[in-house]
Protein chains: 2
Amino acid sequence: MVTKQFTGSPEDADLTRADSLAREIFSDIANKWALLITEVLGDRTLRFSELRDGIEGISHKMLTQNLRMLERNGLVERTVYPTVPPRVEYTLTEPGHALRVTIDGLCNWTHQHLGHIEDSRRRFEAN
Amino acid sequence: MVTKQFTGSPEDADLTRADSLAREIFSDIANKWALLITEVLGDRTLRFSELRDGIEGISHKMLTQNLRMLERNGLVERTVYPTVPPRVEYTLTEPGHALRVTIDGLCNWTHQHLGHIEDSRRRFEAN
DNA sequence: CAGTATCCGTGATGATACTG
DNA sequence: CAGTATCATCACGGATACTG
């Protein structure tokens with residue numbers, strides 16, 4: 001688990017190592033830009049500029065940064081066509097697709113609970 | 001969708017309104033502390049201090065802040081017992097539980113792909 | 001077009017102290 | 001114990017300019 005606790009057992013050296021890795025990955029992935037990029041990619045193959053246009057509000061820098069991170073973690077495959085001007089395409093790998101499925105769940109959850117959340121916010125503001 | 005595009009159709013006024021709300025909620029939820037708090041709560045009822053101890057690395061302030069946000073969005077219910085010293089308990093609401101299910105998916109994904117990711121990172125570092 | 005580098009403001013975060 | 005408030009810092013993120 002990402003939330004595993006320290007137990008003091010002999011295997012803890014490995015357990016905590018795997019856990020800190022899991023936490024690190026979790027921290028990488030659990031940010032809105034990474035999740036949105038993965039979601040927008042879906043099963044398409046998109047160019048850098050298409051991604052930028054497809055994700056409202058993302059800056060050039062954030063897109064580059066997150067794409068590198070996703071590539072480093074093996075969620076996104078980057079293909080460079082040595083033409084001029086250059087053409088670079090991004091697509092999800094198998095692990096990337098698997099992740100996307102869970103993100104779909106998150107998106108669905110959001111839409112299913114829009115009403116609940118709006119209501120709750122109103123009640124909360126009203127103290 | 002959280003990633004819905006503007007289409008120019010007549011219902012867009014509402015569509016974009018719902019979308020911006022969805023994006024806002026998505027941005028609230030899609031951060032590691034909110035996700036970790038939700039995951040750690042699970043189906044337990046925990047006190048503030050228990051949550052703090054259960055989530056490694058979270059600061060007092062971040063915990064308070066995220067708990068308020070989760071409460072505002074109706075994912076967490078906060079119960080205050082007017083004793084002295086005060087006792088405050090947190091538990092997931094129904095929408096909170098639904099969200100947690102998808103987060104479980106994220107955690108499972110992380111653990112299933114630990115190996116893949118480590119390998120990918122090594123390959124990436126090696127250029 | 002895609003990417004890197006740089007500058008720079010500001011918002012997130014942690015530490016600390018204080019209250020009920 | 002739980003929570004708020006304040007302050008200082010620093011990394012995040014945006015804008016811009018430059019390169020291949």
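The values are calculated or read from the model by the stated rules, or taken from the named source; none is laboratory data. Being a predicted model, the structure only gives us computed values, none of them experimental. Positions of Cβ are generated from backbone atoms using ideal geometry, with glycine treated the same way; all protein chains shown enter the neighbour counts.
Of everything in the stretch A:34-66 that's in contact (Cβ under 8 Å) with a residue 40 or more places away in the chain and assigned to a loop (DSSP other than H, G, I, E, B), which residue is nearest to DNA strand D (Cβ to nearest atom)?
A:Thr45
Where residues in the stretch B:70-111 are surrounded by 13 or more Cβ atoms within 10 Å (Cβ to Cβ) and over 16 Å from B:Thr38 (Cα atoms), which of them is farthest from DNA strand C (Cβ to nearest atom)?
Residue satisfying both the conditions and the ranking: B:His111.
Could you grab me the full set of residues in the stretch B:37-65 that are within 12 Å of DNA strand C (Cβ to nearest atom) and within 16 Å of B:Ile103 (Cα to Cα)?
B:Ile55
Could you list, in sequence order, the residues of the stretch B:104-127 that are facing chain A (nearest Cβ under 8 Å) and touching a residue at least 40 places away in the same chain (Cβ under 8 Å)?
The answer is B:Leu106, B:Cys107.
Does B:Thr83 qualify as being over 12 Å from the mean Cα position of the chain (by Cα), outside any helix (DSSP H, G or I) and within 16 Å of DNA strand D (Cβ to nearest atom)?
Here the answer is yes, as B:Thr83 does meet what is asked.
Quick check on the stretch A:46-87: of everything there that is within 14 Å of chain B (Cβ to nearest Cβ) and polar (S, T, N, Q), which residue is farthest from B:Arg23 (Cα to Cα)?
Looking at residues that are within 14 Å of chain B (Cβ to nearest Cβ) and polar (S, T, N, Q), I get A:Asn73.
Which of (1) surrounded by 15 or more Cβ atoms within 10 Å (Cβ to Cβ); (2) modelled with pLDDT of 95 or more; (3) under 21 Å from B:Leu106 (Cβ atoms) does A:Leu15 not meet, given it meets every other one?
Single failed check for A:Leu15: (2).
State all residues of the stretch B:25-64 that are basic (Lys, Arg) and modelled with pLDDT of 95 or more; if no residue qualifies, say none.
Those that are basic (Lys, Arg) and modelled with pLDDT of 95 or more: B:Arg44, B:Arg47, B:Arg52, B:Lys61.
Determine if the stretch B:71-79 includes at least one residue that is assigned to a helix (DSSP H, G or I), within 11 Å of DNA strand D (Cβ to nearest atom) and at pLDDT 95 or above.
yes
Table: residues versus (1) farther than 23 Å from B:Arg123 by Cα; (2) of a type outside the set (S, T, N, Q).
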site: A:Gln65; (1), (2): no, no
site: A:Glu71; (1), (2): no, yes
site: A:Thr83; (1), (2): yes, no
site: A:Pro86; (1), (2): yes, yes
site: A:Asp104; (1), (2): yes, yes
site: A:Cys107; (1), (2): yes, yes
site: A:Gln112; (1), (2): yes, no
site: A:Gly115; (1), (2): yes, yes
site: A:Glu118; (1), (2): yes, yes
